[in-house]
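Please treat every number below as a calculation from the coordinates, not as lab data. A quick note: this is a predicted structure, and the numbers were derived from the prediction, not measured. Every residue, glycine among them, receives a Cβ derived from its backbone with ideal geometry; neighbour counts consider all protein chains shown.
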Amino acid sequence: MTPSSLRFSLSRATVAGLLAAGSLLAACSSDTASSQPDRLPIQGIKRTKPTSPSDTLPDPVPAFQLTNQDGKVITNQTFAGKVYITDFFFATCPSICPKMQSEMLRVYEQFKDDPNVLFLSHTIDPAHDSIPVLRDYAQRLGIQDASRWHFATAPHDTVFALARAYMTGAEKDSTVAGGYAHSGTFALVDSRRRIRGMYDGMEKSQVDQLIRDLPVLLKEEAELRQTAAK
Amino acid sequence: MSTLLLPLLRLSAGGVAALLLATASTGCFSNRQNEGASLYQAHCSSCHGTQGEGLRRLIPPVAASDYVARNRAGLPCIVRRGMHGDVVVNGIHYNQVMPGHEDLTDSQITNLLNFVQRNWGNNNEPYTVREVSELLAPCHGSDGQ
């Protein structure tokens with residue numbers, strides 16, 4: 001096994017572990033473990049110090065500022081009141097990205113008529129993936145509306161820190177094809193910046209699970225809006 | 001006991017011989033009939049799709065592909081060395097980076113290309129290993145295996 005494939009499988013193992021932990025959590029809160037839970041678990045890791053003994057929730061997605069394929073600045077505010085799905089890729093990625101993006105495309109096709117579902121793909125190769133490159137990539141993928149699926153860039157440090165926040169492994173690695181090692185994790189984020197699901201974007205069955213999970217989260221979000229309106 | 005065992009032994013010996021014969025006769029062409037399909041899934045499907053369909057305007061298809069038919073002689077070097085830059089497949093422009101494959105032997109490239117050339121709407125002449133080795137010469141890509 002080469003070091004790169006080892007690293008890749010390691011990160012996949014981490015993801016698998018977290019996913020397993022996630023489903024355990026889900027099983028606890030649900031009466032029928034096998035059926036779809038009526039509420040998705042809150043996932044992620046707590047890295048910050050708790051502010052009180054009851055503060056046990058994972059860290060929310062940090063504040064960010066990125067630029068999308070239209071050259072528009074996007075921040076957490078861009079996703080306010082919406083749920084979104086993230087991944088990490090780069091335009092010249094010769095290994096897992098096309099498969100990953102074709103799976104993401106499957107989710108997009110299912111929910112493209114729902115304005116409450118947005119998509120956010122981060123490039124981990126900002127030096128190459130300029131805004132015109134990202135726009136070309138998005139259009140070749142068939143995404144004309146940047147406000148629904150953002151292909152975003154930011155300095156390396158920002159992107160790698162965000163990758164950690166979204167529970168994806170991404171780093172520079174000259175030993176792998178393309179120069180960057182990253183996992184194909186999709187993270188589902190709710191309107192309160194919490195990760196509600198992680199899925200291996202290379203596995204059709206897990207992406208199918210994401211497609212089943214999204215309506216569960218959307219229902220919760222709709223109820224939240226109703227409560228807030230009262 | 002031994003009289004009972006003997007015919008059994010003969011039978012199994014006959015079976016082994018028949019098996020050897022079968023292996024030897026398929027061996028004339030290739031004793032790894034499905035190698036092309038499994039190599040495709042391992043090395044190509046992530047980009048070109050599990051059915052060779054490609055990905056929108058990002059990755060060209062290898063299924064029912066005019067490029068595969070027209071560039072028969074150039075394909076071994078593309079697999080070995082990869083390619084980049086503009087390429088037109090079935091009338092559509094693509095521009096992506098394809099990595100090379102230093103880890104495949106000439107015979108593996110042969111089986112892989114033959115799988116593509118004979119499937120998914122492609123109906124082109126298969127290669128022999130010797131032919132692929134010769135076609136790999138211009139890009140210094142033949143490993144002679």
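In table form, for the structure just shown:
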| item | result |
| --- | --- |
| Pairwise Cα inverse-distance average, inverted: Kirkwood Rh of region A:24-170 (Å) | 16.8 Å |
| Sequence of A:84, A:199 once ranked by neighbouring C-beta atoms within 10 Å, starting from the fewest | A:84, A:199 |
| Ascending count of other beta-carbon atoms within 10 Å, so fewest first, for A:99, A:82 | A:82, A:99 |
| Residue order, fewest to most surrounding Cβ atoms within 10 angstrom, among B:44, A:97, B:77, B:139 | B:139, B:44, B:77, A:97 |
| From phi via Karplus (6.51, -1.76, 1.60), per-residue ³J(HN,Hα) for region A:177-182 in Hz, x at Gly/Pro | 4, x, x, 9, 9, 7 |
| FRET efficiency, residue A:55 to residue A:106 (Cβ-Cβ, R0 41 Å, nearest 0.05) | 0.65 |
| For region B:32-139, the spread of Cα positions along each principal axis, largest first, Å | 34, 27, 23 |
| Theoretical FRET efficiency, 1/(1+(r/R0)^6), r = Cβ-Cβ of residue B:123 and residue A:228, R0 51 Å, to 0.05 | 0.25 |
| Positive minus negative residues near residue A:145 (Lys, Arg vs Asp, Glu; Cβ under 11 Å) | +1 |
| Average Cα contact separation per residue, region B:32-139, under 8 Å, 6 or more apart, as relative contact order % | 28 percent |
| Per-q log10 I(q)/I(0), region A:86-144, q = 0.27, 0.29 Å⁻¹ (Debye; single scatterer per alpha-carbon; no solvent) | -1.29, -1.40 |
| Local net charge near residue A:94, Cβ-Cβ under 15 Å (Lys/Arg +1, Asp/Glu -1) | -2 |
| Separation of alpha-carbon centers, region B:39-101 and region A:105-160, rounded to whole Å | 24 Å |
| Neighbourhood net charge (12 Å Cβ-Cβ; Lys/Arg +1, Asp/Glu -1) for residue A:164 | -2 |
| Simple spin-label estimate for residue A:204 and residue A:113 in nanometres, 7 Å along Cα-Cβ | 2.4 nm |
| Cleavage-rule hits (chymotrypsin sites (Phe, Trp or Tyr not before Pro)) in region A:111-154: DSSP loop, at most 10 neighbouring Cβ within 10 angstrom | none |
